[in-house]
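The values are calculated or read from the model by the stated rules, or taken from the named source; none is laboratory data. Note that the structure is a prediction, hence the values are computed from the model and not measured. FYI the Cβ positions are ideal-geometry reconstructions off the backbone, even for glycines, and counts take in every protein chain you see.
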Amino acid sequence: MDILDYETVLAVARHGSWAAAGYATFQSPSSVSKRVSKLEKALGVRIFDRSSRPSGARLTETGAIVLPYIRQITERYNDLASRAEELRGELAARLRAGYPSLAGTVGETEILARFRVQFPECTIVHVLRSGPELLRLMAAGALDCAFLLSSEPLSAIKAALGESKTAVLPYMKHETLFIGLPLSHPLARRESIRAEELKNETVLINSADPGGFLSSVFPGLDKRPVDFISPRVVTECVLSGAGVLPIVSPPAAYLSEAVRFVPVSDIKPRARAYFLYPAENTPRAVRAVLRLVKDYSERMSGSGY
């Protein structure tokens with residue numbers, strides 16, 4: 001047994017179903033059921049009545065008795081882990097956080113800002129790189145954590161990390177393609193547009209990722225590489241009429257205030273946001289970021305993106 005077994009039981013008791021508990025703990029419903037069964041077998045008691053309803057799980061009388069003890073175990077474990085990390089001085093003086101230079105956002109700015117409030121003594125080293133470079137740096141141990149936006153499946157992400165002990169957490173889905181337009185553009189007031197309506201446009205492509213997804217979905221259009229590291233450059237290019245801006249993640253605040261983003265109805269990207277971190281001996285600072293990533297994911301899941 002490990003601590004996640006106990007945390008999974010608490011999640012099932014709190015949410016009342018395997019699916020909801022799986023969502024809360026970033027596991028599949030089958031994994032949740034297996035972890036609960038493992039703990040029940042080890043204790044020799046039945047914690048949940050699985051026949052209460054098709055997808056539900058209700059505490060048995062025995063389960064209601066042992067649940068407070070399970071809660072105490074998880075609380076004590078977390079207290080122990082935090083104290084041990086304090087004794088080892090594991091909260092490093094700096095956090096090396098990597099993320100791609102995007103016009104959209106995968107929550108990295110908000111998450112790191114919230115981290116800074118919690119740990120003002122920890123310096124954040126911001127490392128902006130392309131997706132492949134972030135994977136290489138994580139595999140080499142040159143980053144403490146990284147935010148990644150990719151159209152590749154989870155298996156491809158893990159394959160790119162090789163034998164490194166790097167955990168990969170998918171925390172957001174992005175299945176809408178937006179086109180950023182100046183307010184003066186004829187299409188800017190539309191609720192949605194079709195890809196063919198962009199045939200005479202120049203598309204602004206991130207110069208750090210010229211062969212990425214957005215480049216491949218516009219094979220017949222003129223493309224103009226743009227430095228996405230500077231918000232001013234991206235904004236001025238759109239507002240000056242130099243090109244339209246395709247993004248698959250929610251638009252960043254600095255752009256959405258000046259540029260109108262319209263969804264494209266006939267192109268459905270399947271990009272994912274991934275959080276990468278050490279799978280073993282995870283530093284306290286990175287675990288704090290991980291909690292913020294999970295919180296961000298839960299809040300954004302109902303936002304419409």
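List of remarks:
- Applying the condition of being part of a helix (DSSP H, G or I) and hydroxyl-bearing (Ser, Thr, Tyr) to the range 23-54 and asking which residue is surrounded by the fewest Cβ atoms within 10 Å (Cβ to Cβ) yields Ser30.
- Annotation: Arg291 fulfils all but one of (1) within 14 Å of the chain's Cα centre (by Cα); (2) at pLDDT 90 or above; (3) surrounded by 15 or more Cβ atoms within 10 Å (Cβ to Cβ); the unmet one is (3).
- Within the range 8-22, considering residues that are surrounded by fewer than 20 Cβ atoms within 10 Å (Cβ to Cβ) and within 24 Å of the chain's Cα centre (by Cα), the one modelled with the highest pLDDT: Leu10
- Residue satisfying all of: in the range 151-183; hydroxyl-bearing (Ser, Thr, Tyr) and at pLDDT below 90; nearest to the chain's Cα centre (by Cα) among these: Ser151
- Residues in the range 266-305 that are over 18 Å from Ser164 (Cβ atoms), in the same structural domain as Ala156 (by TED's automatic domain parsing) and aromatic (Phe, Trp, Tyr): Tyr296 alone.
- Exactly one residue out of Gly162, Gly180 is at positive phi and in contact with a helix residue (DSSP H, G or I) (Cβ under 8 Å, 6 or more places away or on another chain): that is Gly162.
- When Arg94, Arg136, Arg116 are screened for being in contact with a strand residue (DSSP E or B) (Cβ under 6 Å, 6 or more places away or on another chain) and without any contact (Cβ under 8 Å) to a residue 60 or more places away in the chain, only Arg94 passes.
- Every residue from the range 197-221 that is at pLDDT 75 or above and of a type in the set (Asp, Glu): Glu197, Glu201
- Residue pairs whose Cβ atoms lie under 6 Å apart, separated by 6 or more positions or on different chains, with the first residue in the range 279-300 and under 13 Å from Ser82 (Cα atoms) and the second of a type in the set (Asp, Glu) and assigned to a helix (DSSP H, G or I), are Arg284/Glu85.
- Within the range 255-272, residues that are farther than 10 Å from Ile179 by Cα reach partners that are among the aliphatic types (A, V, I, L, M) and not in a strand (DSSP E or B) with beta carbons closer than 7 Å, at six or more positions or on different chains, in the pairs Leu255/Ala103; Leu255/Val234; Ala258/Leu239; Asp266/Ala195; Ile267/Ala195; Ile267/Val217; Pro269/Val248; Ala271/Val248.
- Some residue of the range 254-267 being at negative phi, in a strand (DSSP E or B) and surrounded by fewer than 18 Cβ atoms within 10 Å (Cβ to Cβ): yes
- Among the residues making up the range 139-166, those that are crowded, with 16+ Cβ neighbours inside 10 Å, over 22 Å from Arg270 (Cβ atoms) and touching a residue at least 40 places away in the same chain (Cβ under 8 Å) are Leu143, Asp144, Cys145, Thr166.
- Residue within the range 88-105 that is closer than 30 Å to Ser207 by Cβ, surrounded by 15 or more Cβ atoms within 10 Å (Cβ to Cβ), at pLDDT 85 or above and among the charged types (D, E, K, R) present: yes
- Matching residues in the range 222-242 - criterion: being under 17 Å from Ile267 (Cβ atoms) and either modelled with pLDDT of 85 or more or buried (at least 19 other Cβ atoms within 10 Å of the Cβ) (or both): none
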